[in-house]
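Quick notes on the structure that follows.
The values are calculated or read from the model by the stated rules, or taken from the named source; none is laboratory data. Quick caveat: nothing in here was measured; it's all calculated off a predicted structure. Cβ coordinates were reconstructed from backbone atoms using ideal geometry, including for glycine residues, and neighbour counts include every protein chain displayed. With ligands, DNA and RNA removed, areas are computed over all heavy atoms of the protein, side chains included. Shrake-Rupley method; radii C 1.70, N 1.55, O 1.52, S 1.80 Å.
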Amino acid sequence: MKGFQERCHFFNGVEEDQYIYGCTYIPSAQKSTGVVLVSPVGRERLRCYDESANLARDLAGRGYPVLRFDYRGEGESSGEFAEATLTSRREDIATMVQELRHRTDVEEICLVGLRLGAYLAAQAALDLGIQRMILCDPVCSPAKFAKGMLRSNILLQSSYFGEVFKKEPALRTDLQRGETISVYGFHLGQPFLEELEGADADAGLADFSGEAAIIYMSTRKAKPKKDVARWCELMSQNGRCEPVCAQLAFSWSSRKMWMPRLEPLNEAVAGWLEENC
């Protein structure tokens, strides 16, 4: 007996004709803290899809009610990727926090975000007054992330066709005309790109007054990189944020090595929850 119920749902979105697909993991004996998993975006969401599901199961097995979901425009949720933005994804996080509270007796919510989902989780925590969050390999520079999305299209042109037909200026012209460009099969539109490039990565972090951890993955025990250290420092001005190294051979960009669980990451997340919630 695994000790929790795993169920899939179609939740109502912000608009009446929209829905958000998600899964709940509800333990028979619930702890007072619930977890909303905030996934990466696009290719990176697929990169850790199974691992995220198993993280949810591991946490539920320890008594934490968990909800994980697909943003509108991705996975089984309604909408198109080209229409989804940072704003719509923050709305989805707020909806999922409300759903987990409605379906359980949790007293508080911890947001656990990965990559761009970690950036979104940090901003949503400030929006919603959430006092617990775990940020896993966060995208600390949305503008740099946007640059990488454009570059991936150029690299794929070279890989598939042996030459580059459209460089960045031409791609930007297409986007400004209302067209989309393919980023590993996901259709990037101008609104999402504009939000990424205009985002202030550090906005509001110094106002955070709760408890947080930033988990960074490394093949060896290493100090956090400068952007992670900066975020920890900002979030520790009025709250507390600690860097945690999960020793793990994992890459967001290279060919996937299939594994059912990212055990060091799961243990780091569960360990922090048990010590701080």
Using the heavy atoms of the protein chains alone and a 1.4 angstrom probe, what is the accessible area of the chain per residue in square angstrom? 47
Taking only the C-alpha atoms, wrap a convex hull around the stretch 1-130 and report its volume per residue in Å³ as a whole number. 92
The stretch 171-277: Rg/Rh from Cα coordinates, Kirkwood Rh? 1.07
Where labels lie 7 Å past Cα in the beta-carbon direction, separation of Gln176 and Leu248 in nm: 4.1
With the 8 Å Cα cutoff and a minimum separation of six or more residues, the chain has a relative contact order in percent of 16
Dimensions in Å of the stretch 108-221 - Rg and Dmax from alpha carbons: 17.1, 53
Could you bin all the Cα-Cα distances of the chain into 10 Å bins starting at 0 and give me the percent of pairs in each, rounded to whole numbers? 6, 29, 36, 22, 6, 1
If you take the Cα atoms of the stretch 99-138, find Rg, then find the Kirkwood Rh from the mean of 1/r over all pairs, what is Rg/Rh? 1.01
Using a Cα-Cα cut-off of under 16 Å, which lysines could be cross-linked to Lys166, ignoring same-chain neighbours fewer than 8 residues away? Lys147
Would you mind pulling out the separation of the Cα centroids of the stretch 1-70 and the stretch 192-262, in Å? 21
Using amide H atoms built in the peptide plane, which far-off residues or other-chain residues are under 5 Å from Ile181 H to H? Leu188
Kirkwood calc, the stretch 77-128, C-alpha pairs only, radius in angstrom 11.9
Where in the chain are the helices, taken as whole DSSP H runs, whose Cα atoms extend 24 angstrom or more along the long axis and whose Kyte-Doolittle mean reaches at least -0.5? 142-161
Computed over the Cα atoms of the stretch 3-71, what is the convex hull's projected area averaged over all directions, in nm²? 4.9
Could you derive backbone 3J(HN,Hα) for the stretch 130-141 from the dihedral phi with the Karplus parameters 6.51, -1.76 and 1.60 (θ = phi - 60°), listing whole Hz in sequence and x where the residue is Gly or Pro? 6, 10, 9, 7, 10, 10, 9, 6, x, 7, 8, 9
Once amide hydrogens are built 1.01 Å from N within the peptide plane, the residues lying 5 or more places from Ser77 or on another chain with amide H under 5 Å from its amide H are Tyr21
Taking the chain and counting helices only, DSSP H stretches of n ≥ 4 at -39,500 (n - 2.57) each over all residues, the nearest-500 ellipticity at 222 nm comes to -12500 deg cm²/dmol
